[in-house]
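The values are calculated or read from the model by the stated rules, or taken from the named source; none is laboratory data. The structure displayed is predicted, hence computed values, not measured ones. Here Cβ is always computed from backbone atoms with ideal geometry, including for glycine, and neighbour counts include all displayed protein chains.
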Amino acid sequence: MNAIVKSPFAWLLKREYWESRRGFLWAQVSAAGVILVITILGIIAGEVFRARMEGDTSVHMGGVNLNAMLQNAVSHNTAQLVGALDMTLLSFGFIASVVLFFVVFFYLLGSLYDDRRDRSILFWRSLPISDTGTVLSKVVAAVIIAPLIATVVVLAGYLCMQIVVSVWFLAHGVNPFGLLWGHWQPLSVWLHLLVMVPVNAIWALPTVGWLLLWSAAARSKPFLWAVVIPIVAGVLNLWIGLLGLPHIDAQFFWGDLVGRALLSVVPASWVAPSELATHGINFVQGDQLAAISYSAMGRAFALPQMWIGAIVGVALIAAAIWFRRWRDEA
């Protein structure tokens, strides 16, 4: 174990974290902190409105009606209360997913390009570190380390929210320890988010490879190369179709080509609408947990798009390693 921790690849992963912790860690902490602050302000506003209007008011935070949560606690309506706790954790998870997408997207675009732009690539090449190891460390940082950090921050944010709500309940004479802290279900939801990390990692490989390829190959403005080329190709494909000439089906082009190249790093983007309809999952009716259930993850591994995309992603990562080896200047 000690040899693994001190291996060159482990040090490369530490380097990626040290250089990117502002995005990997602090962006997530800031997002969770904003949710907590808004919730505290919402609770205060709700109490003020209740005192002034001498009646009940509804305050919604992250899809959760805080006053309804308090009423369920007072009436010991455990089922409704646990559902609200689940939605609270999922709200943290949703915000973390949005932040994670932008952080990972721009991290991958700049990860190899920035080394060439500031000439630090010369320093790293003076060390006994291979280009393969360097690129793979960035892949692991993007699809494993950053999501794991986000998942931990989600749990920490949820626990902080529990403390805030506990103080609120105590102020209303409600004992929060059995009502808020005695339920396993929210932690089970968090375990689903944790187990989902490797599923997301494999699904994200096409986008990871595509962004790394342009980060390694582009002499300038990798964002334009990575994003504009698919969009221009899509417009040309549409134009060719309007002329009645042979073209690629628009749904396949934008969904399975452009979508997989640019948006596969979106957490749980493997949840296809067709799968939701096939298994009777309806977000409107509150089936969010069913969409990321263990069985849904198992079905995702059976999708041809999962493994075709993974193969394409590995090929693109190999191309990025080749460009990294031969491209010295930005």
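Some points to look at:
- Residue check, A233 part of a helix (DSSP H, G or I), assigned by TED's automatic domain parsing to the domain that holds L316 and surrounded by 14 or more Cβ atoms within 10 Å (Cβ to Cβ): yes
- Selection count, segment 232-249, where residues are in contact with a His (Cβ under 8 Å, 6 or more places away or on another chain) and either within 16 Å of L262 (Cβ to Cβ) or among the charged types (D, E, K, R) (or both): 1
- The requirement of being outside the structural domain of W322 (by TED's automatic domain parsing) and hydroxyl-bearing (S, T, Y) is satisfied by S166.
- Identification of helices (runs of 4 or more DSSP H) wholly contained in segment 26-122 with 2 or more residues that are hydrophobic (A, V, I, L, M, F, W, C), modelled with pLDDT of 90 or more and in the same structural domain as L180 (by TED's automatic domain parsing) yields 27-53, 78-111.
- Note on segment 237-274: residues that are farther than 30 Å from L148 by Cα and among the β-branched types (V, I, T) amount to 2.
- The residues of segment 1-25 that are surrounded by fewer than 12 Cβ atoms within 10 Å (Cβ to Cβ), modelled with pLDDT of 85 or more and basic (K, R) amount to a single one, R22.
- Helices (runs of 4 or more DSSP H) lying entirely in segment 132-222 (those with 1 or more residues that are of a type outside the set (S, T, N, Q) and modelled with pLDDT of 95 or more): 146-171, 185-203, 205-217
- Within the set L170, L148, the sole residue that is among the aliphatic types (A, V, I, L, M), surrounded by fewer than 14 Cβ atoms within 10 Å (Cβ to Cβ) and under 30 Å from A217 (Cβ atoms) turns out to be L148.
- Of all residues in segment 83-103, those that are surrounded by 22 or more Cβ atoms within 10 Å (Cβ to Cβ) have Cβ atoms under 6 Å from Cβ atoms of residues that are hydroxyl-bearing (S, T, Y), 6 or more apart or on another chain, in L89/Y158; F92/Y158.
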